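The values are calculated or read from the model by the stated rules, or taken from the named source; none is laboratory data. As the structure is a prediction and not an experimental result, all values here were calculated from the model. Here the Cβ positions follow ideal geometry from the backbone for every residue, glycine too, while neighbour counts run over all protein chains shown. In case anyone asks, the SASA skips ligands and DNA or RNA and just uses the protein heavy atoms, side chains included. Shrake-Rupley method; radii C 1.70, N 1.55, O 1.52, S 1.80 Å.
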Amino acid sequence: MRIEIPGREAFDIKSVVFDYNGTIAVDGKLLENVSTNINKMSSDFKFYVITADTYGSVKKELENTNCEVIIIGKQNQDQDKLEFIKSLGCNTVLSVGNGRNDVLMLKNSILGIAILQDEGLCTKTLLSSDIIVKSIDDVFGFLKDSNRLIATLRN
């Protein structure tokens, strides 16, 4: 997806990286419509879910979803997430998260989206993001219609 935002350099989003709990899942359970949306858009974007898998459920919850699951250790999660988006090329990654361990990922992606759902949003994560949304459906809305991003981010 090529996005040309007035007052900002144009960029291409090739990869979407989601945190799991608090972002596309609550208490280890995948939120409704996430799998359907990812599967519908998987020809346009490469989707990744990166998590320490607190509940041990991520692989089962995403087994029928066109995404790659990356499980990281319990320590240094923020650094692991940063290193992962760097391996993809930060300048082509849209990342989404809510926790403190998502700060570096959101800050270093070409577009970082903080999400405030049932599990809350770390203030430091909010301040490291480009956009805040109220639900994961809003993120999929941006991916379906880039004009929403343009309207939100233009000068």
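Annotations for the structure displayed:
- Scanning the stretch 46-75 for residues that are among the charged types (D, E, K, R) and either part of a helix (DSSP H, G or I) or without any contact (Cβ under 8 Å) to a residue 12 or more places away in the chain (or both) yields Lys59, Lys60, Glu61, Glu63.
- Subset of the stretch 24-45 that is charged (D, E, K, R) and outside any loop (DSSP other than H, G, I, E, B) - its residue that is least open to solvent (accessible area, probe 1.4 Å): Lys29
- Pairs where the first residue, in the stretch 117-128, is in contact (Cβ under 8 Å) with a residue 12 or more places away in the chain and of a type in the set (D, E, K, R) and the second is open to solvent by less than 40 Å² (accessible area, probe 1.4 Å) and part of a helix (DSSP H, G or I), C-beta under 9 Å, 6+ apart: Lys124/Val103
- Of the helices (runs of 4 or more DSSP H) lying entirely inside the stretch 84-155, those containing at least 1 residues that are within 23 Å of Lys29 (Cα to Cα) are 103-108, 123-127, 136-144.
- Qualifying residues in the stretch 75-130 (those that are in contact with a strand residue (DSSP E or B) (Cβ under 7 Å, 6 or more places away or on another chain) and of a type in the set (Gly, Ala, Ser)) - the one surrounded by the fewest Cβ atoms within 10 Å (Cβ to Cβ): Ser128
- Candidate set from the stretch 1-23 (those that are modelled with pLDDT under 90 and out of contact with any Leu (no Cβ under 8 Å at 6 or more places or on another chain)); member that is most open to solvent (accessible area, probe 1.4 Å): Glu9
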